[in-house]
Amino acid sequence: MRVLIAEDQVLLREGLVRLFEDGGHEVAVALGSTDGLQAAITEHQPELVVLDIRMPPTFTDEGARAARDVKQEHPELGVLLLSQHVETTHTVDLVTLGGFGYLLKDRVLDVAEFLSAAERVAQGGSALDPKVVASLISRPGGNDQLEQLTEREREVLELMAEGLTNTGIAVRLYLSERTVEAHVRHVLMKLGIAESEHINRRVLAVLKHLSAAQR
């Protein structure tokens, strides 16, 4: 996997480079800001772009805005946002594009899980930090369909939002895959998501969940 990194903190940037390289991946370039990002993507053709949300010059949402621009120009490219704190601005819109991840920086400490999430995003999947998902869920103003979910179904939906497969959910919750499949089916039914051969129902469920939670 060829990776492009944009992170203004030197130590974290160098740490990410070492982490990916030790994991057998190639870091094409590591930038200290979003300046020249699009040119670097064109030149190096990465499979994954890792971006800090807060970068120069204002240290607000430069990374998130850059992620949106990258996905618009290169929809097939995986984009992984990193943040020190939970910031949900732009998250829902980016998730709709696929190949997107948003993790808190402390997740980097679990190297195996972090690399697994990065690889999943590079392959077109998703990876949302559990704390980000929990923050969205805990907000008031959810809709009636979400309120119909049982506690276990909410847990399953949270893990779907993180990007886990049924197998991954089964491992995390110590359940059989058949049980997880049943929970997923119930979640989709309760959220009123119809069968479709062309639309990923899991993604639709997550988006419906996140959109309702943000209102």
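The values are calculated or read from the model by the stated rules, or taken from the named source; none is laboratory data. What you see is a predicted model; the values in this text were computed from it and never measured. Every residue, glycine as well, gets a Cβ built from its backbone with ideal geometry; the counts of neighbours run over all protein chains shown.
So for the stretch 11-20 (the condition being assigned to a loop (DSSP other than H, G, I, E, B) and not small (Gly, Ala, Ser)), does at least one residue qualify?
Within the stretch 11-20, none of the residues are assigned to a loop (DSSP other than H, G, I, E, B) and not small (Gly, Ala, Ser).
Looking at LEU188, LEU210, which is the one that is closer than 23 Å to SER116 by Cβ, buried (at least 18 other Cβ atoms within 10 Å of the Cβ) and either at pLDDT below 90 or in contact with a Gly (Cβ under 6 Å, 6 or more places away or on another chain) (or both)?
From the options LEU188, LEU210, the qualifying one is LEU210.
Which of the residues that make up the stretch 30-52 are among the acidic types (Asp, Glu) and more than 12 Å from VAL3 (Cα to Cα)?
ASP35, GLU43, ASP52
If you take the residues of the stretch 158-172 that are within 10 Å of PRO130 (Cα to Cα) and among the charged types (D, E, K, R), which of them is surrounded by the fewest Cβ atoms within 10 Å (Cβ to Cβ)?
Ranking the candidates gives GLU158 first.
Yes/no matrix, rows are residues, columns are (1) farther than 15 Å from VAL121 by Cα; (2) free of Cβ contacts under 8 Å to residues at least 60 places away in the same chain:
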| position | (1), (2) |
| --- | --- |
| GLN9 | yes, yes |
| GLY32 | yes, yes |
| VAL49 | no, yes |
| THR58 | yes, yes |
| GLN72 | yes, yes |
| GLY98 | no, no |
